[in-house]
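Let me begin by presenting the structure, written as structure tokens, before commenting on it.
Nothing in this text is a laboratory measurement; each read-out follows from the coordinates by a stated rule. All of these numbers come straight from a predicted model, not from anything done at the bench. Note that each Cβ is placed from the backbone with ideal geometry, even for glycine, and that neighbours are counted across all protein chains shown.
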Amino acid sequence: MAILKIARMGHPILARKADPVEDLANPDVARLVADMIDTLEDAGGVGLAAPQVHTSLRVVIFHIPPTRAGHDDGVVSLTVLINPQIMPLSEETAFDFEGCLSIPQLTGRVPRWSRIRYKALDLKGNTIDREASGFHARVVQHECDHLDGILYPMRMTDLVDFGFVEEIALRKQDDA
Ligand code: NI
């Protein structure tokens, strides 16, 4: 178990399309996931993708803690997604602010599908097949984008809504 170094925006590993996990029985995969869990816990985010810790494999972990669970989407315990696939369940999109451990101190307002279905394998090879909405759907889309070399600013439609967390928080206070 180890806390891994997190790649920051501009590092080429974040721009690469990650490779599928071919062999779940390879102990390197379980070790990677254990280290990602340690790293996420240390960094304090809700999700982490393997490319962010310099491993170009299609592995994502995330959780939705009680403090982040919305009215239309609940708490999700720590989930490991291996080779995930996302399908939108409607054309509807929603905008909200996101952050990323690879883009420290910054936040931006990003459109995402409002409702998705996602499928993946867990570490034991069991199929995960879930529907998600709200913050849950947003987190899964954000993390899975990392597997295709996409960071959230690349999804933004108005860079006026991209800035330092402290400045955006002040702006939100003014709006209230
Ligand atoms: Ni991220």
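Can you give the relative contact order of region 1-61 as a percent, counting alpha carbon pairs under 8 Å and 6+ residues apart? Present the calculation step by step, with values, prior to reporting the outcome.
Numbers: 77 pairs, mean separation 29.1, N = 61.
Worked out over region 1-61, it gives 48 percent.
Treating only the Cβ of Lys, Arg, Asp and Glu as charged (+1, +1, -1, -1), what charge dipole size does region 17-175 show about its Cα centre? Round to the nearest 20 debye.
On the way: 15 positive and 26 negative charges, 56 e Å.
It works out to roughly 260 debye.
Among His146, His63, which comes first, second and so on when ranked by fewest other beta-carbon atoms within 10 Å?
Numbers: His146 25, His63 17.
The fewest-first ordering by Cβ neighbours comes to His63, His146.
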Rounded to whole angstrom, the alpha-carbon centroid of region 147-176 lies from that of region 72-145 at a distance of 18
A correct Karplus calculation of ³J(HN,Hα) over region 47-53, with 6.51 cos²θ - 1.76 cosθ + 1.60, θ = phi - 60°, whole Hz and x for Gly and Pro, returns x, 8, 10, 4, x, 5, 10
For the pair Asp28 and Ala43, the simple spin-label estimate (label points 7 Å beyond Cα toward Cβ) gives in nm 2.1
In whole Å, largest first, the alpha carbons of the chain cover along the principal axes 52, 33, 28
Here FRET efficiency (C-beta to C-beta, Glu131 to Phe95, R₀ 22 Å, nearest 0.05) is 0.60
Given unit charges at Cβ for Lys, Arg (+) and Asp, Glu (-), the dipole magnitude of region 85-176 about its Cα centre in debye, nearest 20, is 340
Shape descriptors of region 92-176 over alpha-carbon atoms, Rg and Dmax in angstrom, are 14.7, 49
Footprinting proxy, Glu167, Glu98, Glu22: sorted fewest to most Cβ within 10 Å, the residues are Glu22, Glu167, Glu98
Connecting every pair of Cα atoms under 10 Å apart in the chain and solving the GNM, the largest mean-square fluctuation among Gln85, Gln105, Gln141 falls on Gln105
Interchain or sequence-distant (5+) residues whose placed amide H lies within less than 5 Å of the amide H of Val110 are Asp96, Phe97, Glu98
Within region 78-172, DSSP-loop trypsin sites (Lys or Arg not before Pro) with at most 16 other C-beta atoms within 10 Å are Lys124
